[in-house]
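The values are calculated or read from the model by the stated rules, or taken from the named source; none is laboratory data. Treat the numbers as computed from the prediction; the structure is a model and nothing was measured. Cβ atoms come from the backbone with ideal geometry, glycine included; neighbour counts cover every protein chain shown.
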Amino acid sequence: MKRRDVLAGSGAALLSAGVARAAVPGMNPGLPQGTLDEVALATLPGKKPLLRLSDRPPNYEATMDAFATPITPNDRFFVRYHLAGIPEMAELRNWKLTVGGDAAGKEVSFTLPELRSLPQHQFVAVCQCSGNRRGLFQPHVAGVEWGTGAMGCARWTGVRLKDVLNRAGVKAGALEVILHGADGPVLPATPDFAKSIPMQRALDDDTLIAYEMNGAPLPHLNGFPIRLIVPGWTATYWMKHLNQIEISSKPLQNFWMAAAYRVPAGMFPVAHPFASQTNAQSTPITEIVVNSLVTNVADGATVKPGFEIKGIAWDSGSGIRTVETSLDGGAHWAPASLGQDLGHYAFRPFSAALKAAPGAVKVMVRATSNAGEVQVDKLKFNPAGYHHNVIQTLALTVA
Ligand SMILES: Nc1nc2c(c(=O)[nH]1)N[C@H]1C(S)=C(S)[C@@H](COP(=O)(O)O)O[C@H]1N2
Ligand SMILES: [Mo]
C-alpha cells in the first residue's frame, strides 16, 4: 500500500474496498498518473465537493467551474494544510490573539470583539498556493501534485495588521513579523508551521487580518476565526487560525522559511525583495506571477462555431492590462474582452469569441499585467514546483 493511502483514513478505506474509480472528468491529463488515479471528488464539512489530493493533512483543490465567477464561493474554496492537527470549532471560539516579540514595545492581546472594534477595511484578493499547478511540471517534482485549482478569490474584511502591531508598539530594530496559527503537528517531531514577512510588508496598508470572507465568518478550514491576508503574495504567508504574532529583530529561521517555499535567486524578479531571508542561492517565494485560466472549456473538448471562451486572469497587484488569444501557435494575438474589475488584486474575467473554422484548433491564451509582465512560453523550472504560469494551450474541435 502506498504511504498516502495509509495516511488517508477514510480515503484509504475507500480504495481498499476495491472501488474501481475512473479518473475525475476534466482533470488535466498532464498530471502525474498516480494523481489522476487517486484524486476523487470528496466533501469536507461545510464544503461542496472538491478534488481531494490528500486527507491528512487535508489538501483539496477547487474544480474548474468554481471559477465561473471572479469571486470564489466560500464552500468551493480550496483547502490546504501542512499539518493534520486542526483545532475544532469549539476550541477556536475561545480564541485570543497575542502580539509581542523582542522588537515589540509591550505584549498585548485581542479577543475577537476587541479586534473587530478597530477600523475595518476590505478588498478582493486572490489567495493562491505557491504550488498551484505543480502537478503540471515537466519533469514532475515532489510535493502536493496540484492541478489548476489551488487558488480562489474572495472579498476579505478585517483590520490592518499595522493597526494591531502599533497597539504593541514597533521598536526601531524590528525586522520581521512572525506568524503562528492554532493548528499544529500531530507528532511532536514535525516542525510547527510558522512564517514571517518583512516589516515593510507587515506595515503595508493592504496587509489585513481578516475575520470575514465574502461577507461571512471565515469557514473553519479557511482559517476561522481570523487569517492573515497578504494580497499579491502567494498564500503561504496567509496564516490561518492566526493566534500569535511576534515583532522580531531577527530573521525567522525554521524549515518553512529556510528550506521550503524558496525559489532560485534571480529566477522570478520582484518589486520588493524579502532581503532578510535572501541568500546567494535562493529567496523566499513572494509575489504572484501573472497568470490566466480558461474556465468554461477543458482541453480536448468539442465546441460549437463562435464559441465564447471564458476565463480569469490575475497578477501580484498591478492589475491585468490585456488577455489575448492566438490560433496560429503564437504568431498572431487578438485581444479578449475584459470583464468586471473588482480591484487590482482580484481575478479579472475575460471572454473571447473563438473565430476558427470547423475542425481541430489549438487555442493559446496569455495575460499581460499592467506592470508589463507576460505569461511565459516555457516553464521556469524550479525544484519545488512553484510559479507555474506557462501560456495555456487548449486543443479544441469546432463542430
Ligand atoms: N495555520 C495555517 N495557515 C496556513 C497554512 C497552514 O498549513 N496552516 N497553509 C498556508 C498555505 S501554503 C496555503 S496555500 C493557504 C491555503 O489557504 P486555504 O486553505 O484557505 O485555501 O493557507 C496558508 N496558511
Ligand atoms: Mo500553499
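Condition test on Gln138, is it polar (S, T, N, Q), within 22 Å of the chain's Cα centre (by Cα) and more than 30 Å from Thr393 (Cα to Cα)? Break it down into steps so the answer makes sense when it comes.
Working: polar (S, T, N, Q): yes; within 22 Å of the chain's Cα centre (by Cα): yes; more than 30 Å from Thr393 (Cα to Cα): no.
No; evaluated as a whole, the condition is false for this residue.
If you go through segment 158-176 one residue at a time, do you hit one that is surrounded by 15 or more Cβ atoms within 10 Å (Cβ to Cβ), modelled with pLDDT of 95 or more and either of a type in the set (Ser, Thr, Tyr) or within 16 Å of ligand 2 (Cβ to nearest atom) (or both)? So far as segment 158-176 goes, no, none of its residues is surrounded by 15 or more Cβ atoms within 10 Å (Cβ to Cβ), modelled with pLDDT of 95 or more and either of a type in the set (Ser, Thr, Tyr) or within 16 Å of ligand 2 (Cβ to nearest atom) (or both).
Checked against (1) surrounded by fewer than 17 Cβ atoms within 10 Å (Cβ to Cβ); (2) without any contact (Cβ under 8 Å) to a residue 24 or more places away in the chain; (3) under 30 Å from Ala84 (Cβ atoms), Lys250 passes all but condition (2).
Within segment 140-161, work out how many residues are more than 15 Å from ligand 1 (Cβ to nearest atom) and either touching a residue at least 60 places away in the same chain (Cβ under 8 Å) or aliphatic (A, V, I, L, M) (or both). So the answer is 4. How do the pairs read when you match residues in segment 256-277 that are farther than 23 Å from Gly184 by Cβ with residues anywhere that are within 16 Å of ligand 2 (Cβ to nearest atom) and part of a loop (DSSP other than H, G, I, E, B), using Cβ under 6 Å and keeping only pairs 6 or more apart or on different chains? What qualifies is Val263/Ile285; Val263/Asn382; Val263/Tyr386; Pro264/Asn382; Phe268/His387; Val270/Thr286; Phe274/Thr286. Checking Leu136, Leu118 one by one, the residue that is in contact (Cβ under 8 Å) with a residue 12 or more places away in the chain, in contact with a Phe, Trp or Tyr (Cβ under 9 Å, 6 or more places away or on another chain) and away from ligand 2 (no atom under 16 Å from the Cβ) is Leu118 and no other.
Restricting attention to segment 62-76, the residues that are of a type in the set (A, V, I, L, M, F, W, C) and either assigned to a loop (DSSP other than H, G, I, E, B) or more than 15 Å from the chain's Cα centre (by Cα) (or both) add up to 3. The residues of segment 169-227 that are over 21 Å from Arg56 (Cβ atoms), of a type in the set (Gly, Ala, Ser) and within 14 Å of ligand 1 (Cβ to nearest atom), listed by number, are Ser196, Ala210, Ala216.
Within the set Ile209, Ile178, the sole residue that is farther than 17 Å from Cys127 by Cα and in a strand (DSSP E or B) turns out to be Ile178. Is there a residue being within 16 Å of ligand 2 (Cβ to nearest atom), touching a residue at least 60 places away in the same chain (Cβ under 8 Å) and not in a strand (DSSP E or B) anywhere in segment 98-105? No, every residue in segment 98-105 fails to be within 16 Å of ligand 2 (Cβ to nearest atom), touching a residue at least 60 places away in the same chain (Cβ under 8 Å) and not in a strand (DSSP E or B).
Number of residues in segment 140-175 that are part of a loop (DSSP other than H, G, I, E, B), more than 30 Å from Gly30 (Cα to Cα) and in contact with a Ser or Thr (Cβ under 7 Å, 6 or more places away or on another chain) equals 3. The set of residues in segment 256-276 that are more than 16 Å from ligand 1 (Cβ to nearest atom), not hydrophobic (A, V, I, L, M, F, W, C) and not in a loop (DSSP other than H, G, I, E, B) comprises Pro264, Ser276. Of Lys362, Lys355, Lys378, all but one fail to be among the basic types (Lys, Arg), without any contact (Cβ under 8 Å) to a residue 60 or more places away in the chain and either in contact with a strand residue (DSSP E or B) (Cβ under 6 Å, 6 or more places away or on another chain) or not in a loop (DSSP other than H, G, I, E, B) (or both); the exception is Lys362. Within segment 323-337, the set of residues being outside any loop (DSSP other than H, G, I, E, B) and surrounded by 17 or more Cβ atoms within 10 Å (Cβ to Cβ) comprises Val323, Glu324, Thr325, Ser326.
If the condition is being near ligand 1 (Cβ under 9 Å from one of its atoms) and assigned to a helix (DSSP H, G or I), then segment 234-255 contributes Ala235, Thr236, Tyr237. Being within 22 Å of the chain's Cα centre (by Cα), part of a loop (DSSP other than H, G, I, E, B), within 15 Å of ligand 1 (Cβ to nearest atom) and at pLDDT 95 or above: is that true of Leu53 here? No: the conditions fail for Leu53.
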